Amino acid sequence: MTLMPETDRERITAAVRAAEAKTRAEFIAVIAPRADRYLAIPLLAAIALTLLVPGLAWHAGLAEDFAVLYALQLLVFAGAAPLFLWQRVAVRLVPGAILAARAQRFAREQFHLRGLNATPECTGVLFFVSLAERYVEIIADQGAHAAVPPGTWPSIVSTFTAKVRTGQTVAGYEAAIAAVGEALAAKLPRRPGDANLIPDRLVEL
């Protein structure tokens, strides 16, 4: 799936290359349309509405015949289920805590799947965005995490998140990648002969 035009992907790739020119840490940028399909809660909401509407119709005297009420129930479910499962609606039905938990879990899965937990000096860093949840996270392995002063990561993530939530996703990646590269350059500078172990391209899920 292509979530960004080629020019935007190139900008993010260039930001990763520029940052990795200063540090031997390994960076990867990942973007996902959503962290989960969110089937359960939207379907439960559709079922609840399906059960509620015929009862209201019967109570209001709008329909009393069983066949009519049953047909109404089927129509309500047929309309509500696709609507509630539509991504833009589904993420509004799911509580924010669940959205954040699913996105956080998905980010951690990507950190391991992309091999960032297996770099020789534990210096892998993931820049993760899930668009539906407007969720942003930077995950740094222990070597990279320990190489920057306390408070560095929250500050960078805060700026990254603010940009993504205002539609400046590419600029958010660029700023976060550059800031982390600068922060790591002092303690983990790039050395002659350091190999690039992970491709620099943006990963679109």
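The values are calculated or read from the model by the stated rules, or taken from the named source; none is laboratory data. What you see is a predicted model, and the numbers here were worked out from it, not measured in a lab. No Cβ is skipped: glycine too gets one built from the backbone with ideal geometry, and neighbour counts run over all protein chains shown. The protein model used for the area step is the full one, side chains on, heavy atoms only, and it has no ligands, DNA or RNA in it. Shrake-Rupley method; radii C 1.70, N 1.55, O 1.52, S 1.80 Å.
Give the residue, chosen from 131, 75, 83, 116, that is under 18 Å from residue 159 (Cα atoms) and of a type in the set (A, V, I, L, M).
One residue alone meets the criteria, 131.
I'd like the residue in the stretch 92-114 that is assigned to a helix (DSSP H, G or I) and among the basic types (Lys, Arg) and, out of all such residues, is least open to solvent (accessible area, probe 1.4 Å). Result: 102.
Does residue 89 qualify as being modelled with pLDDT of 90 or more, within 26 Å of the chain's Cα centre (by Cα) and in a helix (DSSP H, G or I)? In short, yes. Where helices (runs of 4 or more DSSP H) fall wholly inside the stretch 141-205, the ranges with 1 or more residues that are open to solvent by 50 Å² or more (accessible area, probe 1.4 Å) and among the charged types (D, E, K, R) are 152-165, 169-185.
Each residue in the stretch 7-24 was checked for being β-branched (Val, Ile, Thr) and open to solvent by 10 Å² or more (accessible area, probe 1.4 Å), and 2 pass. Close contacts from the stretch 1-17, counting a first residue that is over 14 Å from residue 181 (Cβ atoms) and a second that is β-branched (Val, Ile, Thr) and in a helix (DSSP H, G or I), with Cβ to Cβ under 7 Å and a gap of 6+ residues or different chains, come to 8/170; 11/170. In the stretch 31-44, the residues that are more than 30 Å from residue 9 (Cβ to Cβ) reach residues that are open to solvent by less than 20 Å² (accessible area, probe 1.4 Å) with C-beta atoms within less than 7 angstrom, at least six apart or across chains, in these pairs: 41/94; 42/90; 43/81. Which one of these does residue 115 not meet: (1) in contact with a His (Cβ under 8 Å, 6 or more places away or on another chain); (2) touching a residue at least 24 places away in the same chain (Cβ under 8 Å)? Going through the list (1) in contact with a His (Cβ under 8 Å, 6 or more places away or on another chain); (2) touching a residue at least 24 places away in the same chain (Cβ under 8 Å), residue 115 breaks only (1).
Across the stretch 78-89, not a single residue is classified as among the charged types (D, E, K, R), touching a residue at least 60 places away in the same chain (Cβ under 8 Å) and exposed (fewer than 14 other Cβ atoms within 10 Å of the Cβ).
The set of residues in the stretch 90-126 being within 26 Å of residue 54 (Cα to Cα) and in contact with a helix residue (DSSP H, G or I) (Cβ under 6 Å, 6 or more places away or on another chain) consists of 90, 93, 94. Within the stretch 47-55, none of the residues are within 30 Å of residue 109 (Cβ to Cβ), touching a Phe, Trp or Tyr at 6+ places or on another chain (Cβ under 8 Å) and either open to solvent by less than 60 Å² (accessible area, probe 1.4 Å) or assigned to a loop (DSSP other than H, G, I, E, B) (or both).
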